[in-house]
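The values are calculated or read from the model by the stated rules, or taken from the named source; none is laboratory data. Note that the structure is a prediction, hence the values are computed from the model and not measured. Every residue, glycine among them, receives a Cβ derived from its backbone with ideal geometry; neighbour counts consider all protein chains shown.
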Ligand code: BGC
């Protein structure tokens, strides 16, 4: 683990310096759908190449290497110049192209999925596809389609949903969009990478039916959309690491689904040479620990037949050939079209905006009215989550500015201080400038003194520093280290917003309860190659009370309040609670008590508990809305568009009532093993099976208008069932309806079945009074269960109930249909 961490840290640091370059715009997108043409196995060009490549050349294609001309992307494969095989550059995903240059920071995938509109996913993919090619990339390390299984998982914002049908639709459309622009897509992380805690090692025990009916469906859909690559996950599945798991890599992926592309590891997720290549792994990333010289020796000493190497090379070259990378037929790299991409980013942020509550006509806000904006993310835009999903945005506007142009009188109050306030010089003996220490390269600086605390209090110390996290100053209070190095990946995967100050310095926090009186303070710091700047700040009970008092005063003086609440998630770390972090709960309680016309805007990664919900006027879920998030949020708040999003995951009431609560074997695992013992009853299926009420159900989301639903009919077709119904906008303004079709269990199957599953949906824009007859086709796959005894899908025949609802709990219409062959 330590070794892996240090190798990864070297990689992160190498690619860590983000520089700013000019943005190219203009030029039309070249449609290259033709590159997606079907091919039957490897073509003659690929076979001829394989015949001419030396063993060393073949092996150089099977693992990552250092890019001599890096653009800041995550991975690189050198290619074989002698035979005109070009290098491959591989960049993250999933909410834009992650290189050192600017790119369009799109809304997080969970916000995209909230629009329940595969067409938007296709356009999202097209933006990334074009930008990826424009920014010198060949492969995108995205989309992520792992299901949202636990509310704590650090990457829930990077993926789509807890529901396999919605996730499948999204992933397929996005891949078509990405690859339609000539960029190779990589669906990740195959499979069962549903949490960050212990992600490098946890052994997920899951039964065959559960795996096929839930997590694997999205990956199968990605294969159906002809994804060029698949990324194997870090974790184990049923006892074997995903990247050497024959069941996953060969039996399911190749034999059942007919995948023709290549499988690469997640970064440092390979664990073996022989087991991995024979199980079906094709490429190791980002280096060649196992598929480099170790593989060459294994071939030379006869442990691995060379045909396995040829097989992997063939899979990679076949995709490269399909994308025109071997014969120069790939279209020239386009320029970025930043304005057009930004327009898509904004449209999607508005389309996914999910209005969870709206009482007493709190929203939409009236233009020109007095408004108090509260919360750190009201001023600092919350663009994206942390980890490998972070994109360097073209720009990021402050929500405050976006609201200013619409409000009459606007006041702003911080409410919750993320970065601390200066420590008064009088509290430090001897005094030192805790606001701005500058050390030259190599300079060592030590402070030995005391900090005097005026009363018993909880202090949060906030260190701002310019160095790499591992070279930050060491601060000891009464001998206790205030900012210890986080274990595992903690240092490298910290959130995007809270771990960097507005001026770019890195930030770490440490909280202690301190008794009144003097405490010893010792600081040691050393300037690195570029010197070191740091400051030490703090928040105390007194400063917090002051921040809340200012927020309350602002709330009281305004007609309406918009309070921005945040939660900063990142890959590598899970949350430990679904409550809002810091002291935000107290802030919301105080502000809503002062002014009930308060709208809470949530810039959070996944579900949140809301003990304060009943006191609010409205709650708007925006997740991480991307670089156009401020404009989109303001447009929704002021009713310039209807909040078009619906929840793609159930929001639990609290930490004790959700599918993985109360059983550590289910989450986060015990002794390295985790059991998916909820089986097929994941997400809303669990709430229905257990009769537990979520805070907000899957599919929930309000509009500014109202809709009625009528005349449900369901009939059997050759491919499944056809469901028709009428939706009418009964309000006085145009709005978005997202009717959802749910289907109940088959009486004839002797298999575990859910109370109901999402079987289809439709996003509709209807004018006031407009009525639309809607048809939703439900496929045989949705009506089938995976039979583990026969290792195949079986259709759930017989009389089945069909509902049309506005969420998994709000079922408006119901009928029955006879399903049969
Ligand atoms: C993540 C992947 C990512 C890769 C390259 C890994 O830590 O799990 O999603 O594509 O790094 O940055």
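List of remarks:
- The requirement of being modelled with pLDDT of 95 or more, within 30 Å of residue 361 (Cα to Cα) and in contact with a strand residue (DSSP E or B) (Cβ under 7 Å, 6 or more places away or on another chain) is satisfied by residue 563.
- For region 164-177, the candidate set comprises residues that are more than 19 Å from residue 778 (Cα to Cα) and within 16 Å of the ligand (Cβ to nearest atom); within that set, the residue that is farthest from the chain's Cα centre (by Cα) is 175.
- Test for residue 334: is it more than 30 Å from residue 51 (Cα to Cα), within 28 Å of the chain's Cα centre (by Cα) and in the same structural domain as residue 552 (by TED's automatic domain parsing): no
- Flag if residue 107 is within 14 Å of the ligand (Cβ to nearest atom), part of a loop (DSSP other than H, G, I, E, B) and under 15 Å from the mean Cα position of the chain (by Cα): no
- Residue in region 189-199 that is in contact (Cβ under 8 Å) with a residue 40 or more places away in the chain, crowded, with 24+ Cβ neighbours inside 10 Å, more than 16 Å from the ligand (Cβ to nearest atom) and outside the structural domain of residue 674 (by TED's automatic domain parsing) present: no
- Test result for residue 127, surrounded by fewer than 24 Cβ atoms within 10 Å (Cβ to Cβ), outside the structural domain of residue 575 (by TED's automatic domain parsing) and more than 16 Å from the ligand (Cβ to nearest atom): no
- For the criterion of being farther than 18 Å from residue 129 by Cα and in a helix (DSSP H, G or I), residue 167 passes.
- Subset of region 72-88 (residues that are in a loop (DSSP other than H, G, I, E, B) and either in the same structural domain as residue 390 (by TED's automatic domain parsing) or more than 9 Å from the ligand (Cβ to nearest atom) (or both)): 72, 78, 79, 84, 86, 87
- Scan of region 94-104 for residues that are away from the ligand (no atom under 16 Å from the Cβ) and more than 21 Å from residue 605 (Cβ to Cβ), ordered by number: 101, 102
- Test for residue 217: is it in contact (Cβ under 8 Å) with a residue 24 or more places away in the chain, over 26 Å from residue 656 (Cα atoms), assigned to a loop (DSSP other than H, G, I, E, B) and away from the ligand (no atom under 16 Å from the Cβ): no
- Region 149-158, residues that are within 18 Å of residue 200 (Cα to Cα) and in a loop (DSSP other than H, G, I, E, B): 149, 150, 152, 153, 154, 155
- Among (1) more than 25 Å from residue 662 (Cβ to Cβ); (2) outside any helix (DSSP H, G or I); (3) away from the ligand (no atom under 16 Å from the Cβ) - the single one residue 161 does not satisfy: (1)
- Considering only residues in region 364-394 that are at negative phi and within 16 Å of the ligand (Cβ to nearest atom), the one that is modelled with the lowest pLDDT turns out to be 386.
Quick grid of which residues meet (1) closer than 30 Å to residue 256 by Cα; (2) modelled with pLDDT under 95; (3) in the same structural domain as residue 609 (by TED's automatic domain parsing); (4) crowded, with 22+ Cβ neighbours inside 10 Å:
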{"site": "759", "(1), (2), (3), (4)": "yes, no, no, yes"}
{"site": "763", "(1), (2), (3), (4)": "no, no, no, no"}
{"site": "767", "(1), (2), (3), (4)": "no, no, no, no"}
{"site": "792", "(1), (2), (3), (4)": "yes, no, no, no"}
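- Positions within region 247-269 being within 12 Å of the ligand (Cβ to nearest atom) and assigned to a loop (DSSP other than H, G, I, E, B), in sequence order: 266, 267, 268, 269
- One residue stands out in region 221-234 among those that are part of a helix (DSSP H, G or I) and over 19 Å from residue 281 (Cβ atoms): the one that is farthest from the ligand (Cβ to nearest atom), namely 224.
- Taking the criterion of being crowded, with 21+ Cβ neighbours inside 10 Å and more than 25 Å from residue 177 (Cβ to Cβ), the residues of region 225-251 that qualify are 234, 235, 236, 237, 241, 242, 243, 244, 245, 248, 249.
- Looking at 460, 411, just one residue is buried (at least 16 other Cβ atoms within 10 Å of the Cβ), part of a strand (DSSP E or B) and touching a helix residue (DSSP H, G or I) at 6+ places or on another chain (Cβ under 6 Å), and that residue is 411.
- The criterion of at least 3 residues that are in the same structural domain as residue 368 (by TED's automatic domain parsing) and in contact with a helix residue (DSSP H, G or I) (Cβ under 8 Å, 6 or more places away or on another chain) is met by the following strands (runs of 3 or more DSSP E) wholly inside region 466-568: 560-566.
- Considered as a group, the residues in region 235-246 that are within 14 Å of the ligand (Cβ to nearest atom) and closer than 16 Å to residue 145 by Cβ include one that is farthest from the chain's Cα centre (by Cα), and that residue is 242.
- Against the conditions (1) in a loop (DSSP other than H, G, I, E, B); (2) touching a helix residue (DSSP H, G or I) at 6+ places or on another chain (Cβ under 8 Å); (3) within 15 Å of the ligand (Cβ to nearest atom), residue 91 satisfies every one except (1).
- Within region 89-103, residues that are closer than 10 Å to residue 135 by Cβ sit with their Cβ atoms under 6 Å from residues that are within 8 Å of the ligand (Cβ to nearest atom) and not in a loop (DSSP other than H, G, I, E, B), at 6+ positions apart or across chains, in these pairs: 91/98; 98/92.
- Residue 755 being surrounded by 15 or more Cβ atoms within 10 Å (Cβ to Cβ) and assigned to a loop (DSSP other than H, G, I, E, B): yes
- Residue among 572, 582 that is within 16 Å of the ligand (Cβ to nearest atom), surrounded by 20 or more Cβ atoms within 10 Å (Cβ to Cβ) and over 13 Å from residue 612 (Cβ atoms): 572
- Residue ID - surrounded by the fewest Cβ atoms within 10 Å (Cβ to Cβ), chosen from residues in region 395-408 that are at pLDDT 95 or above and either part of a loop (DSSP other than H, G, I, E, B) or under 27 Å from the mean Cα position of the chain (by Cα) (or both): 401
- Test: residue in region 49-64 that is within 16 Å of the ligand (Cβ to nearest atom) and either out of contact with any strand residue (DSSP E or B) (no Cβ under 9 Å at 6 or more places or on another chain) or not in a helix (DSSP H, G or I) (or both): yes
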